[in-house]
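J.: Input: one structure, supplied below.
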Amino acid sequence: LAIETGIDEQNRIYTYVTIRVHEVPKGQITQRKIVLKQPGGEYGSRGSIVFGAPQFDLAEHVVLYLDTWQDGSLRVHQMLLGKFSVIEDPATGGVFAVRNAPPSSVHVLGQSSQGPITNRMELGAYTEMVRARLRANRRAASEFETRVFGDIPLFDRPPGFVLGSQQGDLEAQFHYWNPPTRWFE
């Protein structure tokens, strides 16, 4: 729904991604609109690149695996490995969950030779596979969640997060060209 950047209390740049939630097969998220806090981005004249951080587009449909920062902010689990884009194959009309290929600066090591490889899978088959794995591992997953995340709060938006438009922190997103033409981004 929205993508914007900001600086946290330690002066680090983050990209804040507002997502509309359609389904939560596992976890404690109850809100239908959440804000993810992803490392890196551009803020004013500063920039921070975090290789392997997932990239988002406005109006993109996604399947996400999330976890939390220590402050309770939501983030994509295992960086770009926890994000699948939902796309329609123009040739077949089928809908697929697709993990975007990592950029050349990122190397994914050691893919398993056991079980299905899920970088691209028909969406219905993919979600059914996930639901089956959740059913099979429900107790172990619950114990792990309690042990690892039991003391970490879970917030639908990062603490202290305010939309840039609400704090008067708007920047014009245009360039001047010669001859004088204005192209809006």
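Just so you know, all these numbers are worked out from the coordinates, no wet-lab data involved. Please read all numbers here as calculations on a predicted model, not as lab measurements. So basically every Cβ, Gly included, is an ideal-geometry build from the backbone, and we count neighbours across all protein chains shown.
J.: Using the Cα centre as the reference, give the magnitude of the dipole from point charges on the C-beta atoms of the stretch 1-99 (Lys, Arg: +1; Asp, Glu: -1; all else neutral), rounded to the nearest 20 debye.
T.: Roughly 180 debye for the stretch 1-99.
J.: Give me the net charge for the shell around Arg75: Cβ to Cβ below 12 angstrom, other residues only, Lys and Arg +1, Asp and Glu -1. Each step should come with its number before you reach the end.
T.: On the way: positive: Lys37, Lys83; negative: Asp67, Asp71.
Spelling it out: positives minus negatives among the neighbours equals 0.
J.: Note down the net charge around Ala132, summing +1 for each Lys or Arg and -1 for each Asp or Glu among other residues with Cβ under 14 Å from its Cβ.
T.: On the way: positive: Lys26, Arg131, Arg133, Arg135, Arg138; negative: Glu128.
That works out to +4.
J.: If you add up the charges near Leu64, with Lys and Arg at +1 and Asp and Glu at -1, over every other residue whose beta carbon is less than 15 angstrom from its beta carbon, what do you get?
T.: Details: positive: Arg20, Lys26, Arg32, Lys33, Lys37, Arg75, Lys83, Arg99; negative: Glu23, Asp57, Glu60, Asp67, Asp156.
So the environment of Leu64 carries a net charge of +3.
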